[in-house]
1. What tally of residues in the range 1-22 results from selecting those that are surrounded by fewer than 17 Cβ atoms within 10 Å (Cβ to Cβ) and free of Cβ contacts under 8 Å to residues at least 60 places away in the same chain?
2. How many of the residues making up the range 1-42 are in contact with a strand residue (DSSP E or B) (Cβ under 9 Å, 6 or more places away or on another chain) and outside any strand (DSSP E or B)?
3. Might you let me know whether the range 69-79 holds any residue that is more than 15 Å from residue 5 (Cβ to Cβ), surrounded by fewer than 14 Cβ atoms within 10 Å (Cβ to Cβ), in contact with a strand residue (DSSP E or B) (Cβ under 8 Å, 6 or more places away or on another chain) and modelled with pLDDT under 95?
4. Report yes if residue 62 is part of a strand (DSSP E or B), closer than 19 Å to residue 12 by Cβ and more than 10 Å from the chain's Cα centre (by Cα), otherwise no.
5. Would you check if there is a residue in the range 23-43 being farther than 16 Å from residue 99 by Cβ and surrounded by 14 or more Cβ atoms within 10 Å (Cβ to Cβ)?
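The values are calculated or read from the model by the stated rules, or taken from the named source; none is laboratory data. All of these numbers come straight from a predicted model, not from anything done at the bench. Here the Cβ positions follow ideal geometry from the backbone for every residue, glycine too, while neighbour counts run over all protein chains shown.
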């Protein structure tokens, strides 16, 4: 069996970090994902619900803001609950296993929070590899 989801879209709101009574970090958010086809020249957008747990939730809440491009790898999950009025509800959402930056801060319309850059060389600091003969693998 296979249950794998990969999405890239823009955040509809800042991810808000919460903690369960047992101390586990969790956040949920919605991604605006464009469909691959266009109707009447315009692409439609789907709003996909995503939930992230533990370090993945902490990462999302720390580094992403509304409008930022995010890539999510995870699985699809369906769960049921009873709302305050006693009605049974069904929710389908993506459980994020990994989250990635979908664009650089310069390309995004929303700022990315506190991205760690200490010790990371700038793009101009890399050496170009011309031949493959000297590679150690």
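1. 11
2. Of the residues in that region, 10 qualify.
3. Yes, the range 69-79 contains at least one residue that is more than 15 Å from residue 5 (Cβ to Cβ), surrounded by fewer than 14 Cβ atoms within 10 Å (Cβ to Cβ), in contact with a strand residue (DSSP E or B) (Cβ under 8 Å, 6 or more places away or on another chain) and modelled with pLDDT under 95.
4. Considered against the rule, which asks whether it is part of a strand (DSSP E or B), closer than 19 Å to residue 12 by Cβ and more than 10 Å from the chain's Cα centre (by Cα), residue 62 comes out as no.
5. Yes.
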